[in-house]
Amino acid sequence: MGLIAFGVGALVASLIPASDAEQELAASAKDKAGPAVDAAKGAAQDVAQNLKEPAQEAFASVKDTAQEAASTVKGDAQSAAGDVKDSAQQSRDTVQGA
């Protein structure tokens, strides 16, 4: 019940236009927060820049590992195919020789 009353109150408050004093207070708060917002943006850009190179290195490492794994699987498959071919040839020779 309290949540509904809070929601109705918030809705009504949003429909009432802000007074001059409220607008001035909001503008003042925005002006005072400006340097902090700029500092936060700068810090976020620094963090993003610092993480960019390690992320690229990690991606390259994962890519190399995946390529090595694919190469290993391909080699194993070719070896297994050769073994099957040899076994089939031996079986054929055994059947023809019998």
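The values are calculated or read from the model by the stated rules, or taken from the named source; none is laboratory data. Here the structure is a predicted model, which is why all the values come from computation and not from measurement. Please note: Cβ atoms are built from the backbone with ideal geometry, for glycine as well, and neighbour counts cover all protein chains shown.
Does residue 54 satisfy the criteria of being at pLDDT 90 or above and loosely packed, with under 10 Cβ neighbours inside 10 Å?
Yes: the conditions hold for residue 54.
Take residue 41 and tell me if it is modelled with pLDDT of 90 or more, assigned to a helix (DSSP H, G or I) and of a type in the set (Lys, Arg).
yes
Is it the case that residue 58 is in a helix (DSSP H, G or I) and out of contact with any strand residue (DSSP E or B) (no Cβ under 8 Å at 6 or more places or on another chain)?
yes
Among the numbered criteria (1) modelled with pLDDT of 85 or more; (2) surrounded by fewer than 10 Cβ atoms within 10 Å (Cβ to Cβ), which one does residue 11 miss?
With (1) modelled with pLDDT of 85 or more; (2) surrounded by fewer than 10 Cβ atoms within 10 Å (Cβ to Cβ) applied to residue 11, the lone miss is (1).
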